[in-house]
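Q: Take a look at this one; I'll ask things after.
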Amino acid sequence: MPQCSFCSERSVIYIRDKGWHLCPEHFREYYLNKVRRALNLVRLKKGTFMVLGLSGGKDSFAMLSALAKLKGEYGLELMALMIDEGISGYVEPRLRVFKEASDAFEIPSEIVSFRDHFGYRLDEMVRISMSKGFTYKPCTICGVFKRYLLNRLAREYRADYLATGHNMDDEVQVFLMNLLKGNLTNISRDWVVSGVRLHEKFVVRVKPLYYCEEKEDLVYALLEGFKPPEVECPYLLYSFRGGLRRMINALEYLRPGTKRRMLALKDALRPNLMPEEGVSIGTCKECGEPSSDEVCKTCQLLNWLKR
Amino acid sequence: MECDGPGITIKVLMGNRKFEVKVREGAVLEDLLKALRLNPVEIVGMRGNEVVPEDEPLREGDIIRLFWTVAGG
């Protein structure tokens, strides 16, 4: 039975690139220090109101649990917000996890749905898209509407920050996708904190799990009582990122620390890619929300669904 | 799934699936994952209520639950 590198307790995880075995308590400390590392870059003030955009998955659970532990230390006021996309059979167990977790960690919570805000469940939108030649893939539709709704609701709740459960793996995958597309502007925007000064209606986004690997999120969540819902998103097979994720993780296995080094590379490149005058975006002429086009992606998609 | 020669049998639970895998004596969790063509970077294993690291030695009759990190965001 492998033993913790720092005490005599049983190990629960082997941190491959450091050669460390960690017991539950030393792993919790290691994990929370990674969350602190991200939060310290945000320069939070006492009394900061942070809305947590959650999905009911492991990253959400880990973020909720970690921030509930750290809220006193940082003087945070928290609220948990979950979007019900409307994916039959998939969303119900996640809503249950979300509700139980926010109650257990004593964080006020709210659930809002695509149906209430846009008039369609995601399942209906996917059916419409399929009938029109599958122009938009489910993850694209879901991502556009979710980003829109989270920002709008966080603003309506008067949040200082909107926190999401994006982890190191997400960041490295997006970095590589942007590299492959040659999209340097997106690389320059993507960090622990994003959305600063982009638009007055943008709530600044923060990613407390930026330095946490996906596997670490799952181990932390399991140690904190997470019961993984045994259902898979039925639209996962359409995800473009799946192949990239497998490639990166294959590299990580062969060369432990690959993801950490790629993230460090991105962070080192980022300041040099930022436009001198900063990035600003316009306003959608239909809904008045922030948009880089005349009509935002959400309105474009809604118009397309209704046609 | 079977290894050559004498070995130990492990019961594996993954999602809604249950199956048995025979691995060599002295095998660790990482060996089981490799036999299943799974990348240890993407998998967390539990024995009962305990999370176990990838170099955890396996024992005859172990019931190991595997969680795929990629599943469910």
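Q: In this structure, does B:Arg47 turn out to be within 14 Å of another protein chain (Cβ to nearest Cβ) and loosely packed, with under 15 Cβ neighbours inside 10 Å? Reasoning before the result, please.
A: Working: within 14 Å of another protein chain (Cβ to nearest Cβ): yes; loosely packed, with under 15 Cβ neighbours inside 10 Å: no.
Against the criterion (within 14 Å of another protein chain (Cβ to nearest Cβ) and loosely packed, with under 15 Cβ neighbours inside 10 Å), B:Arg47 does not qualify.
Listed here are the residues, each with its yes/no results for (1) open to solvent by less than 50 Å² (accessible area, probe 1.4 Å); (2) modelled with pLDDT under 95.
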site	(1), (2)
A:Leu269	no, yes
A:Gly282	yes, yes
A:Lys285	no, no
A:Cys299	yes, no
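Q: How many of the residues in the stretch A:74-94 are loosely packed, with under 15 Cβ neighbours inside 10 Å, touching a residue at least 12 places away in the same chain (Cβ under 8 Å) and not hydroxyl-bearing (Ser, Thr, Tyr)?
A: Matching residues across the stretch A:74-94 total 2.
Q: Considering each of B:Arg17, B:Arg24, B:Arg65 in turn, give the residue that is out of contact with any Leu (no Cβ under 6 Å at 6 or more places or on another chain), surrounded by fewer than 21 Cβ atoms within 10 Å (Cβ to Cβ) and under 30 Å from A:Leu236 (Cα atoms).
A: Details: B:Arg24 fails: under 30 Å from A:Leu236 (Cα atoms); B:Arg65 fails: out of contact with any Leu (no Cβ under 6 Å at 6 or more places or on another chain).
Result: B:Arg17 is the single residue among B:Arg17, B:Arg24, B:Arg65 that is out of contact with any Leu (no Cβ under 6 Å at 6 or more places or on another chain), surrounded by fewer than 21 Cβ atoms within 10 Å (Cβ to Cβ) and under 30 Å from A:Leu236 (Cα atoms).
Q: Residues in the stretch A:222-237: is at least one within 11 Å of another protein chain (Cβ to nearest Cβ), surrounded by 14 or more Cβ atoms within 10 Å (Cβ to Cβ), assigned to a helix (DSSP H, G or I) and at pLDDT 95 or above?
A: Yes, some residue in the stretch A:222-237 is within 11 Å of another protein chain (Cβ to nearest Cβ), surrounded by 14 or more Cβ atoms within 10 Å (Cβ to Cβ), assigned to a helix (DSSP H, G or I) and at pLDDT 95 or above.
Q: Kindly establish whether B:Arg37 is over 9 Å from the mean Cα position of the chain (by Cα), closer than 14 Å to B:Thr9 by Cα and more than 8 Å from chain A (Cβ to nearest Cβ).
A: When the stated conditions are applied, B:Arg37 does not pass them.
Q: Quick check on the stretch B:50-59. Is at least one of its residues open to solvent by 40 Å² or more (accessible area, probe 1.4 Å), part of a loop (DSSP other than H, G, I, E, B) and more than 7 Å from chain A (Cβ to nearest Cβ)?
A: Yes; the residues of the stretch B:50-59 include at least one that is open to solvent by 40 Å² or more (accessible area, probe 1.4 Å), part of a loop (DSSP other than H, G, I, E, B) and more than 7 Å from chain A (Cβ to nearest Cβ).
Q: Does B:Ile10 satisfy being farther than 11 Å from B:Asp62 by Cβ and surrounded by 13 or more Cβ atoms within 10 Å (Cβ to Cβ)?
A: Values: farther than 11 Å from B:Asp62 by Cβ: no; surrounded by 13 or more Cβ atoms within 10 Å (Cβ to Cβ): yes.
So B:Ile10 fails the test.
Q: A:Asn303 is checked against (1) open to solvent by 90 Å² or more (accessible area, probe 1.4 Å); (2) assigned to a helix (DSSP H, G or I) and fails just one. What number does that condition carry?
A: It is condition (1) that A:Asn303 fails.
Q: Continuing with this model, one more query. Do you know which residues across the stretch B:60-72 are at the interface with chain A (Cβ under 7 Å from one of its Cβ atoms) and on the phi > 0 side of the Ramachandran plot?
A: The answer is B:Gly72, and nothing else.
The values are calculated or read from the model by the stated rules, or taken from the named source; none is laboratory data. What you see is a predicted model; the values in this text were computed from it and never measured. Counting neighbours? That spans all protein chains shown, and the Cβs are built from the backbone with ideal geometry, glycine included. Ligands, DNA and RNA are stripped out before the accessible areas are found, and what is left, the full protein with its side chains, is counted by its heavy atoms. Shrake-Rupley method; radii C 1.70, N 1.55, O 1.52, S 1.80 Å.
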